[in-house]
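J.: Have a look at this one before I ask anything.
The values are calculated or read from the model by the stated rules, or taken from the named source; none is laboratory data. Computed from a prediction, not measured in an experiment: that's the story for all the values here. When we count neighbours, we look across all protein chains shown, and the Cβ atoms used for this are built from the backbone with ideal geometry, even at glycine.
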Amino acid sequence: MKKLVINNIKTCEDCPYFQYDPYYSMSTDSGYDCKKESRRIIDDADMMEHVKGVNRYKNEPIKIPEWCPLSNS
């Protein structure tokens, strides 16, 4: 038996294919990957602002990249 779940994806964090990769498998840094595309979304280095150690994306969601494989609504 199959079940269908409809989920409105507004940011990468809402997506079931969004995954944190603590290793360097897709880049020279750890970061967030798209499991469906096997592609890096954003590196940890890009997430962090090294001045004062403040996460510049703290209140901003990770935006959906143009290459996202999901269909548009």
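J.: Any residue in the range 4-18 that's over 15 Å from S73 (Cα atoms): show its pairings with residues that are surrounded by 10 or more Cβ atoms within 10 Å (Cβ to Cβ) and among the polar types (S, T, N, Q) at Cβ separation under 9 Å, as long as the two are six or more apart or on different chains.
T.: So the pair list comes out as F18/T11.
J.: Additional query: Filter the range 1-22 down to residues that are assigned to a loop (DSSP other than H, G, I, E, B) and surrounded by 10 or more Cβ atoms within 10 Å (Cβ to Cβ), then give me how many there are.
T.: Just the residues of the range 1-22 that are assigned to a loop (DSSP other than H, G, I, E, B), to begin with: 1-11, 15-17, 22.
Narrowing the set further to residues that are surrounded by 10 or more Cβ atoms within 10 Å (Cβ to Cβ) leaves 9-11, 15-17.
Qualifying residue count for the region: 6.
J.: Looking only at the range 26-57, filter to residues that are loosely packed, with under 11 Cβ neighbours inside 10 Å and assigned to a loop (DSSP other than H, G, I, E, B); which one of those is modelled with the highest pLDDT?
T.: S38
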